[in-house]
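Asker: One structure is given below, represented as structure tokens, and several questions about it will come after.
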2 protein chains.
Amino acid sequence: MPESDFPDIRGLHLFAEMSDENFFALMRGSYVQNFPPQIDLIEEGDPSDFLHIVLSGSVELFSSWNSRETSMATVRPVSTFILAATIKDAPYLMSARTLEKSRVALIPSQDVRGVFDIDAKFARNVVTELAQCYRSVVKNTKDLKLRTSLERLANYLLRQQERTGGNSEFDLPIEKRRLASMLGMTPENLSRAFKSLQSYGVKVSGNRVNISDQKDIENFAKPSPLIDDYST
Amino acid sequence: MPESDFPDIRGLHLFAEMSDENFFALMRGSYVQNFPPQIDLIEEGDPSDFLHIVLSGSVELFSSWNSRETSMATVRPVSTFILAATIKDAPYLMSARTLEKSRVALIPSQDVRGVFDIDAKFARNVVTELAQCYRSVVKNTKDLKLRTSLERLANYLLRQQERTGGNSEFDLPIEKRRLASMLGMTPENLSRAFKSLQSYGVKVSGNRVNISDQKDIENFAKPSPLIDDYST
DNA sequence: CGCCTGCTTGAAGTGTTTCAACGTTCGTGG
DNA sequence: CCACGAACGTTGAAACACTTCAAGCAGGCG
């Protein structure tokens, strides 16, 4: 791996506090690759040989069953994915494909497990990261089971708004078809849901969203820190 | 905590490999309590002061939003719950209540975090446990998003059958209303779903389930290790 | 025995999917 | 530069799945 990629990875909370020695040991066995869009990186069921890190571009995690497919998450720089499979030395539960031209680092899972056993600070951060991931999925389950699709969309918009700085106008970061799948609905249904939200002052044209009455949509969406907050 | 409870807890994978010294240090600050049925143990949003361990009975994890409620999981002896909140020192994401008369051990979260930092083997097992929990929730999300309610029920029955020894006749371990909520459906819908499964050779009376044609129901349910296996 | 609770059933209403057609945008090649 | 195709998004109509409400049924317990 080129040393120019070290700082980005070292900057991740996961790798920030480990010793230099162990960090370099991990980097020594790793490599970096550039992928065009729409390339399958991993397929669910495969053995988890590498911990992946998205350095640029973006990657979609998705799952399939019985010829159906659903979008599970979008991974953006700089972050890791499939840490749990790496740690457990178990098969991937999700597939991954690039959405755009992407730069991805691959760290052999065996090395990750090895360093985990000898570097307490790294171990500490692996746990924090895993706990974080776990809580995110639990929140997602609550979102799916406790809310209607219209409520999920409204809360997604509020989260996206907050993430992009809180302005009343902001962009959707992914295609609508993928957003629909993330939210557990069909593209047609999403399209109609956007129309329904017009009555709460939400305007959409292309990827641009405008929220004209913040109070109104918040009153409908009823966002909760126990479902919608990223950090906690 | 009475020493008679030590072996059960020590037997958990999570606590099995740590040093005696650290194990006793954890037990020293802990206590055990007996609860009648239908008692709220924790409420989502509360600070995570204790790691809980169900020693006997059973505990339901559930979540609420906007005056709706959904069942998230049932915890049976001997296992822990809300480990992630304890480790992250973050608020509980789920509430918990006893389903029956239950014996529950409480270990102060601060002690757990303290021992985690000094006992590498304990840390290793915390990570394994968290990774396991994470993967379970991911599987549950796939179940919810990729399957219809009828398919979820069919696969639940097959899992339950396997868990109870693989016999063609077995019992449902929870009330149907709770099962419905776990599977993301209404009690009425579950009742009708059971009827629909009759055409695949599934007979239900009370809590007793009989599968007369294993091939038939399996062919419909199409269970997958990447959704339905507990261990991996 | 009678009450309570959980389960089932029916009928009506709502929400969501499916299928097919059309519109739009964007990039490519004539 | 325009024309075309491809992919995405939207719309409408019909079918389907699921929920809601209300009533009835069955088993367990005082």
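Read the figures in this text as sums done on the coordinates, not as results from a lab. Values in this document were obtained by computation on a predicted structure and should not be read as measured data. All Cβ positions, even for glycine, are placed from backbone atoms using ideal geometry, and neighbour counts span all protein chains on display.
Asker: In whole Å, largest first, what are the principal axis extents of the Cα atoms in segment B:89-232?
Answerer: 57, 31, 28
Asker: Using only atoms on other chains, find how many Cβ atoms lie within 10 Å of each Cβ of peptide A:112-120 and report the average.
Answerer: Shielding by partners across A:112-120 averages 2.
Asker: Moving on. Put a point 7 Å out from Cα along the line to Cβ at A:GLY166; what are the distances to that point in the other copies, in nm, shortest first?
Answerer: The answer, with the shortest distance listed first, is 6.0 nm.
Asker: Moving on to the next point. Along its principal axes, what span do the Cα atoms of segment B:3-144 show, with the longest given first and each in whole Å?
Answerer: 46, 33, 24
Asker: Another question, if that's okay. Shortest first, in nm, what separates the label point of B:GLU69 from those of the same position in the other copies (7 Å along Cα→Cβ)?
Answerer: Those separations, rounded to one decimal, come out as 4.0 nm.
Asker: If the elastic network links every pair of Cα atoms under 10 Å, which of A:SER71, A:SER196, A:SER109 fluctuates the most in the Gaussian network model of chain A?
Answerer: A:SER196
Asker: Further question on the same structure: If I take the Cα coordinates of segment A:148-228 and project them onto the principal axes, what are the three extents in Å, biggest first?
Answerer: The principal-axis extents, from largest down, are 27, 27, 23 Å.
Asker: How far apart are the B:GLU3 label points across copies, placing each 7 Å from Cα toward Cβ, in nm, shortest first?
Answerer: Ordered by increasing distance: 5.9 nm.
Asker: What does the charge add up to near A:SER168, with Lys and Arg as +1, Asp and Glu as -1, over the other residues with Cβ less than 13 Å from its Cβ?
Answerer: Every neighbour counted, the sum reads -3.
Asker: Below 14 Å, Cα to Cα, which aspartates and glutamates can A:LYS88 reach? Residues fewer than 8 away in the same chain don't count.
Answerer: A:ASP46, A:ASP49, A:ASP111, A:ASP117, B:GLU129
Asker: Nearest 0.05, what FRET efficiency do B:SER212 and B:GLU69 give at R0 = 41 Å with Cβ-Cβ as r?
Answerer: 0.70
Asker: Quickly work out the B:LYS222-to-A:ASP46 label distance, labels modelled 7 Å from Cα along the C-beta direction, and quote it in nm with one decimal.
Answerer: Simple spin-label model gives 2.2 nm for this pair.
Asker: Hey, another quick one. Testing the spin-label approximation: label points 7 Å from Cα along Cα→Cβ at B:ASP229 and A:VAL204. State their distance in nm.
Answerer: It works out to 3.8 nm between the two label points.
Asker: Normalised radius of gyration for the protein assembly as shown, please: alpha carbon Rg relative to 2.2 N^0.38 Å, two decimal places.
Answerer: 1.01
Asker: Just want the ordering: B:LEU61, A:LEU12, from fewest to most Cβ atoms lying within 10 Å of their own Cβ.
Answerer: Ranked by crowding around the Cβ, least crowded first: A:LEU12, B:LEU61.
Asker: Could you put B:SER191, B:SER30 in order, starting from the residue whose Cβ has the fewest other Cβ atoms within 10 Å?
Answerer: Ascending number of Cβ neighbours within 10 Å: B:SER191, B:SER30.
Asker: Additional query: Checking the table B:LYS145/B:LYS195; B:LYS195/B:LYS215; A:LYS145/B:LYS203; A:LYS121/B:LYS121 against a 20 Å threshold on Cα-Cα, which pairs fail?
Answerer: Over 20 Å Cα-Cα: B:LYS145/B:LYS195; A:LYS145/B:LYS203.
Asker: Still on this structure, please answer the following. Based on the Cβ-Cβ distance from B:SER4 to A:GLU17, what FRET efficiency comes out when R0 is 51 Å, to the nearest 0.05?
Answerer: With R0 = 51 Å, the Cβ-Cβ based efficiency is 0.80.
Asker: Under the rule of -39500 (n - 2.57) per DSSP H run of 4 or more residues, summed and divided by the residues of the protein assembly as shown, what mean residue ellipticity at 222 nm is obtained, to the nearest 500 deg cm²/dmol?
Answerer: Roughly -13000 deg cm²/dmol at 222 nm, from the helical runs in the protein assembly as shown.
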